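For reference, the structure discussed in these notes is given below.
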Amino acid sequence: MNQDFLKYQAQTTPYPLGINIFYALGSYIYSCDNKKYLDFVAGVSAVSLGHQNKRVNDAIKNQLDKYSHVMVYGEYAQSPAVEYCKLLASLLPPQLNKVYLVNSGTEACEGALKLVRRVTGRSQLISCHNAYHGNTMGSMSVMGFEERKQVFRPLIPDVDFITFNNEADIEKITTKTAGIILESIQGGAGFIQPEADFLAKIKKRCEEVGALLIIDEIQPGFGRTGKLFGFENYNVVPDVIIIGKGMAGGMPVGAFVAKEEYMDLLSDNPKLGHITTFGGHPVIAAACLATLQEIVETDLIPQTLEKEKLFRQLLVHPLIQEVRGIGLMLAAMTSSPEITNQVIFKCQDKGLILFWLLFEGNAIRITPPLTISMDEIREGCAIILEAMDEIVSGLKFKV
């Protein structure tokens, strides 16, 4: 199957990991050659409730028995989407009360960028160096990593960049700025948290000059940080949030959320200011609703912080310089990309799935399902330490 995979399916890198997937259940993925892998990545933070979650699967199956796609987004009232948006709005600050459902995180970013320009009548967008908000043309324009976007230029104009956590850069937000987009925790850059009320200071500056603050919750959102959304950890309420990944328990979806007054501008002058055929798809919306209900009706959110404590307690090794992040959005930092690569590949051989971050080569991504058990955390961390011990032994032997 790997030969056909490489021949017929377009790739993102020259050397994909290439596990032949047979099935997945809970915190484990099983390959076609009967090998079992403990999943510490969760589809890059997307499979929030583990593989084959019963509540999500039942919601999908029940909706399939009623109807699937019936009309483009925004024309018909369909109960899965309506119920989901109503529940989500009830869990957010009052000014974040209207939801636009789309198909992915990057489409949510595109919609949010259009929205802040529409609301303010301005064109300048500001993002951060080493930011990642998606890979379509607008999202790529606010990606703060030139190496990944230079061959696709020209991108959308009037985009500028600041440095995350650099207070001096806040003055770059002016009366020309339509909006600034920030991750509540910088993901691809290495799971970097805001410091010294950085997000709140950005919001204050936006209010002073009439700009809007977009917070990207695509990775931190839906309970991964010990709050439903990452921004709740940092004393700020954004004007717009964008969401995706863990939103539907592994199904493809995204959304952007703002106050009604802003969102209604997309429906007139011009009409169809943002449109999508499959956004709000009833089967996907049913999965979103079941996922959100499961997250908020259980103790999964506070448990992320208890699980973080266990990870930090266990992941002590000479090759680990620090563990960054919060909750179940963690990165074990080594001293070099070479060591990180060795750990990830050795752990895969031993039955543990780890992964990389986009721009920080020293980071080992640890973003398991929220449902992972304490025993599974112990099992996976033991594999990481075993792999690191082997690397240290190999280094000593070479010396």
(request) Would you tally the residues in segment 29-48 being surrounded by fewer than 17 Cβ atoms within 10 Å (Cβ to Cβ) and in contact with an Asp or Glu (Cβ under 9 Å, 6 or more places away or on another chain)? (result) 0
(message) For segment 199-217, give me the residue count where each residue is out of contact with any helix residue (DSSP H, G or I) (no Cβ under 8 Å at 6 or more places or on another chain) and either touching a residue at least 60 places away in the same chain (Cβ under 8 Å) or open to solvent by 10 Å² or more (accessible area, probe 1.4 Å) (or both).
(response) 6
(message) Please pick out the residue among E83, E147 that is over 18 Å from the mean Cα position of the chain (by Cα), modelled with pLDDT under 95 and assigned to a helix (DSSP H, G or I).
(response) E147
(request) Restricting attention to segment 104-128, report how many residues are open to solvent by 10 Å² or more (accessible area, probe 1.4 Å), closer than 21 Å to F359 by Cβ and in contact with a Lys or Arg (Cβ under 7 Å, 6 or more places away or on another chain). (result) 1
(request) Name every residue in segment 258-280 that is in contact (Cβ under 8 Å) with a residue 60 or more places away in the chain and among the polar types (S, T, N, Q), in order of residue number. (result) S267, T276, T277
(request) Taking the residues in segment 260-278 that are more than 26 Å from the chain's Cα centre (by Cα) and in a loop (DSSP other than H, G, I, E, B) as candidates, determine which candidate is nearest to I242 (Cα to Cα). (result) L272
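Taking the conditions exactly as written (surrounded by fewer than 17 Cβ atoms within 10 Å (Cβ to Cβ) and either within 24 Å of the chain's Cα centre (by Cα) or hydroxyl-bearing (S, T, Y) (or both)), does R153 satisfy them or not?
Values: surrounded by fewer than 17 Cβ atoms within 10 Å (Cβ to Cβ): yes; either within 24 Å of the chain's Cα centre (by Cα) or hydroxyl-bearing (S, T, Y) (or both): no.
In short, no.
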(request) Could you figure out which of (1) over 22 Å from S45 (Cβ atoms); (2) crowded, with 24+ Cβ neighbours inside 10 Å isn't true of G249? (result) (1)
(message) Among the residues in segment 10-17, are any of a type in the set (F, W, Y) and either outside any strand (DSSP E or B) or open to solvent by 100 Å² or more (accessible area, probe 1.4 Å) (or both)?
(response) yes
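Can you give me the number of residues within segment 289-299 that are over 12 Å from R55 (Cβ atoms) and in contact (Cβ under 8 Å) with a residue 24 or more places away in the chain? Quick ask: steps written out before the conclusion?
In the first step, residues of segment 289-299 are kept if they are over 12 Å from R55 (Cβ atoms); the result is 296, 299.
Then keep just the ones that are in contact (Cβ under 8 Å) with a residue 24 or more places away in the chain; that gives 296.
Here the count works out to 1.
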(request) Scan segment 301-321 for residues that are under 18 Å from L370 (Cβ atoms) and open to solvent by less than 20 Å² (accessible area, probe 1.4 Å) and jot them down. (result) T304, K307, L310, F311
(request) Take segment 342-399 and flag every residue that is polar (S, T, N, Q) and touching a residue at least 12 places away in the same chain (Cβ under 8 Å). (result) Q342, Q348, N362, T367, T371, S373
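Which residue, of V151, V119, is among the aliphatic types (A, V, I, L, M) and without any contact (Cβ under 8 Å) to a residue 12 or more places away in the chain? Break it down into steps so the answer makes sense when it comes.
Working: V119 fails: without any contact (Cβ under 8 Å) to a residue 12 or more places away in the chain.
That would be V151, the only listed residue that is among the aliphatic types (A, V, I, L, M) and without any contact (Cβ under 8 Å) to a residue 12 or more places away in the chain.
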(request) Look at R324 and say whether it is open to solvent by less than 10 Å² (accessible area, probe 1.4 Å), touching a strand residue (DSSP E or B) at 6+ places or on another chain (Cβ under 7 Å) and within 30 Å of E338 (Cβ to Cβ). (result) no
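The values are calculated or read from the model by the stated rules, or taken from the named source; none is laboratory data. What you are looking at is a predicted structure, and each value in this text was computed from that prediction instead of being measured. Counting neighbours? That spans all protein chains shown, and the Cβs are built from the backbone with ideal geometry, glycine included. Accessible surface areas use protein heavy atoms only, side chains included; no ligands, DNA or RNA. Shrake-Rupley method; radii C 1.70, N 1.55, O 1.52, S 1.80 Å.
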